[in-house]
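What follows is a single structure, written as structure tokens, with notes after it.
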Amino acid sequence: MRAYLKQPLAIATLVACLCGLLTLAQPLDQIYWNMRFLFGQQEAPQSIVLVRIDDVDGKTANTLAEDDEVRLLKVLAEQAPEHIFIDRKISDRSSLQLVSELRTLDHKVSLVARFAEPDTLSPQAIDLPGPAVTGGVPVVVSGWLTNFWRYGTNAPYAVKLGDKTFPTLSAAMAGKSGTTESFYRPDFTIDPSTVRTISASQLLLGNVAPGLLTGRIVVVTEARSGPGMRIGYFGHGQVDPLYLDIAGVAGLRSGLALNIEWFPLVLLFAGMALLASRLGTRRLRYPAYVAVGVVTLFGPVLLEQLGIYSNPSASLVAALAYGALRLWAKWRRRMLQTSASGLPNFVALASRPVPTGHDVVVATISRYEEFLATLSQNLHGECARQISRRFSVGCRTNEIFHGDGGHFAWVEPARSAEQQIEHFEGMRALFSAPLLVGGHMFDTNVHFGLDRNYEYDTLTRLNTALVAATEALKNGRTIEQFEANRLANAPWELSLLARIDEGMRNGDIWLAFQPQWDYRELRICGAEALIRWNDPVRGPIRPDEFILQAERAGRIDALTYWVLDQAITAAEDFNTFGPPFQMSINLSAQMVDKPSLVSSIGEIVQRRGIDARLLTVEVTETASVYNRPAAIRNLQQLRTMGFRLSIDDFGTGEASLCYLADLPSDELKLDRRFVSRIVKHERERQIVLSTINLAHALRQTVVAEGIEDLPTFDALRQMGCDVGQGYYIGRPETFEQLRGRYAAMAVDRGSLFGTN
Ligand code: C2E
Ligand code: CA
Ligand code: CA
């Protein structure tokens, strides 16, 4: 039932009923009936003739000398009209001659009195001629009820004033009688300009053919103007109310005058629209809708011809609302599908909720744009549909959404990690057969992005799955899952740019220095600069974590150059004490292959005027170096500038030996995973020992990282390690702390600089 109520037709009908009940759309009724004349007009009844008092004496209109007045009556009576209505004011001073003339006309004459204002059919609003004037001549009244725009709409058959009831002019002219409670409506199809009118002066001059008025209704009238004297006539603006009276005659004569108001029209519209919407094919449906529109628009006019009046506003509202809702639905449908393939698009997916316990999956077709480039435009859709069909088979859902480029998405029940991999490998296998589109064959490959952040909305989940799919494509992996904590960090990560700059400025970001011990010289010979970030809100942030984020945010360059600058300041200070002090800095793998790296570092070194030989650049072997030859070239150039090169975390990378072979390095840093185990584990001991020998054979200085206790420290000395670093020797500390220690040791040369 609820779904049914959401249907455009139901909504349109409800809206229309509301408008009808609250008469909200009444202005539309008025506009409709005002435009009524556009649908065809007819001539005024020829049985009514107006005799207009005009410029009889060549001076003023609307006035007639008393004898002319009497004469006019006589002339009129001679023509033997059916009835004469004197629709003008006859003053109380009118002569006895006129009154007696009126009386001689017996029952063939009536006087007309008009209400001064429409809608107020009360004795105060009318000036009834007194008995002295009428002398027994019948009086009829004219008064119209109007809408709020003061357009005449209907009138009663009779009006009760005091204890007397007077018929209204239209009723009297039409020869119909009725109660004060029964009403008639003017027939607005009558064109007021077709009412027959002759001039009183011409009549008096004898210029009117005899017999013209015979058997007709004659209304003697004067030109009326001024406020209150005109009234709205649908389709013709403000007119003399007499025209409304004549239209009233036509309305009365057409017989039946039923007002069905608005509801039957709404019902008719709803019924027709329902039938039209049920028609099977478009070819039938469209003409049917047009027919419904035509009937809704012109129906009331046709009904009016039968004397059935109505208020078409509500049904027009229904038709407009229905049309608008249908168009909107169509437009939305268009918005929700890709134009080329007709498949639902990502907007469509994002606009619905994901069922609980379901994953959002985005699949990316590698080289999709390339295929499209080789296909003619009209085959693009076919290509997408073929791919979609394969996914459909693979994940057993009919709903595959197609995003921009080679992205396809769907929703599927969550699987365990193992099943998931199996499932995606299976899907991938579906693409091992080439695509065949328009005679072209394509080999392709798919990568999947998975989102399991169940607590987020569909759009967010779709986006994260998309990011994951793009990463999978980039890293050449089958599937990549978007980690939930990345999403939680997203707002923080997004503002990282500004925060890093701010942190470097206000001291939240600072450098710690960890001392390095020279085994041969028995002194602190240098330090490694390690970045620190104490965020006022999040507390200390681990360097490897925010370095990764800085890399993603593209802020790693600024950070690295800042570190270099700070490290140089520290190195200059330590070197004032005498023996050379070696300062090491870390270079992110993201940066080593940058074209601007050497020039930027060169610029800093030159500006600071430091001997580059006092600086060591530590690089880690990572698979993520994008352009390996460029990286090696950069490092070689740095070395030419004087920098020492150190291979950090040696032994952990996949190709450390390759690196060692390719790189013109000076130093090799043994990773702490090996170092920490040499005392207890023979294998690691042998690895470290042979690595030290290998390094020495290649003329490398060996630095052991992560020395946490005396036995390890001693073992490394025995193995011939050159330099040690670790908590046992000294933790990373502030510049002031390390400097204080270094200065104190410098005084006690025995402990700091060895025994000699
Ligand atoms: P790394 O280059 O291998 O730095 C050595 C890490 O080992 C440091 O961690 C240091 O605090 C820690 N460490 C030193 N001695 C010991 C020990 O005896 N035991 C243990 N368990 N750990 C010890 P930290 O400072 O947290 O830095 C982590 C990583 O962040 C660094 O690893 C480096 O890759 C990166 N990093 C730090 N500062 C920078 C920087 O300025 N630039 C770049 N690109 N990376 C940096
Ligand atoms: Ca390091
Ligand atoms: Ca290291």
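The values are calculated or read from the model by the stated rules, or taken from the named source; none is laboratory data. All figures in this text were calculated on a predicted structure; none of them were measured in a lab. All Cβ positions, glycine included, derive from the backbone under ideal geometry; neighbour counts span all protein chains shown. Surface accessibility is based on the protein's heavy atoms, side chains included, excluding ligands, DNA and RNA. Shrake-Rupley method; radii C 1.70, N 1.55, O 1.52, S 1.80 Å.
With all protein chains present and a 1.4 Å probe, how do His423, His696 order by accessible area, largest first? Walk me through the intermediate numbers first.
Numbers: His423 25, His696 70 Å².
Ranking His423, His696 by accessible area, largest first, yields His696, His423.
How high is the FRET efficiency between Ala558 and Ala329 when r is their beta carbon distance and R₀ equals 41 Å, given to the nearest 0.05? Efficiency, rounded to the nearest 0.05: 0.20. Net charge in the neighbourhood of Arg285 (other residues with Cβ under 12 Å of its Cβ; Lys, Arg +1, Asp, Glu -1) is +4.
For Leu274 and Leu204, compute 0.36 nm times the residue count separating them, minus their Cα-Cα distance, and round to one decimal in nm. Show your work: numbers first, answer last.
Numbers: separation 70, 0.36 × 70 = 25.20 nm, distance 6.51 nm.
Between Leu274 and Leu204, full extension yields an extra 18.7 nm.
Taking all protein chains as present, what is the carbon and sulfur share of the accessible area of the chain, in % to the nearest whole number, probe 1.4 Å? Roughly 56 percent, rounded to a whole number.
Roll a 1.4 Å probe over the protein chains and send me the accessible area per residue for the chain in Å². Display every interim value, and only then the final one.
Working: 37000 Å² over 756 residues.
Accessible area per residue, the chain: 49 Å².
Taking every DSSP bridge with both residues inside the chain, close to 45 percent are antiparallel. Which aspartates and glutamates have a Cα less than 13 Å from the Cα of Lys669, not counting those fewer than 8 places away in the same chain? Those aspartates and glutamates meeting the cut-off are Glu528, Glu618, Glu621, Asp648, Asp649, Glu705, Asp722. Distance from the alpha carbon centroid of the stretch 266-289 to that of the stretch 426-444 works out to 45 angstrom. Per the Debye calculation on the stretch 346-488 with a single equal scatterer at every Cα and no solvent contribution, log₁₀ I(q)/I(0) for q = 0.12, 0.20 Å⁻¹ amounts to -0.45, -1.23. Amide H contacts under 5 Å for Asp535: Ile541, restricted to partners 5 or more places along the chain or on a different chain, H placed in the peptide plane at 1.01 Å from N. For Glu399, the solvent-accessible surface computed with a 1.4 Å probe is close to 80 Å², ligands and nucleic acids excluded.
Mind checking which of Ala746, Leu660, Gly307 is farthest towards the positive end of the chain's charge dipole, using Cβ charges of +1 (Lys, Arg) and -1 (Asp, Glu) about the Cα centre? After comparing all options, I get Gly307. Here the Karplus curve 6.51 cos²θ - 1.76 cosθ + 1.60, taken at θ = phi - 60°, turns the phi angles of the stretch 281-287 into couplings of 9, 4, 4, 8, 5, 4, x Hz, with x standing for Gly and Pro. The share of C-alpha pairs in the chain whose separation exceeds 41 Å stands at 63 percent. Here the calculated FRET efficiency for Gln377 and Gln305, from their Cβ-Cβ distance with R0 = 60 Å, stands at 0.65, rounded to the nearest 0.05.
Protein chains only, probe 1.4 Å: how do Ser376, Ser193 rank by accessible area, largest first? Provide the component values of the computation, followed by the final result.
Details: Ser376 60, Ser193 95 Å².
Output order, biggest surface exposure first: Ser193, Ser376.
On average over all directions, what projected area in square nanometres does the stretch 81-189 have, based on the convex hull of its Cα atoms?
Numbers: hull surface 30.7 nm².
Across all orientations, the stretch 81-189 yields a mean hull projection of 7.7 nm².
Both the radius of gyration and Dmax for the stretch 333-381 are 13.8, 41 Å, in that order, over alpha-carbon atoms.
Straightening the chain between Leu436 and Glu603 buys 54.5 nm, computed as 0.36 nm per residue apart minus the Cα-Cα spacing. Relative to the dominant Cα principal axis of the chain, helix 710-719 is inclined by about 60°.
Calculated mean residue ellipticity, 222 nm, the chain: -13500 deg cm²/dmol, from DSSP H runs (n ≥ 4) at -39500 (n - 2.57) each, averaged per residue and rounded to 500. Could you tell me how far the Cα centroid of the stretch 98-150 sits from the Cα centroid of the stretch 558-573, in Å? One Cα centre to the other: 109 Å.
In order along the stretch 415-427, phi translates into HN-Hα couplings of 10, 5, 3, 5, 4, 4, 5, 4, 4, 6, 4, x, 4 Hz, rounded to whole numbers, per the Karplus curve 6.51 cos²θ - 1.76 cosθ + 1.60 with θ = phi - 60° and x for Gly and Pro. Could you give me the ³J(HN,Hα) list for the stretch 366-372, computed from phi with Karplus coefficients 6.51, -1.76, 1.60 and θ = phi - 60°, whole Hz, x at Gly and Pro? Using θ = phi - 60°, the values come out as 6, 6, 4, 4, 4, 4, 4 Hz.
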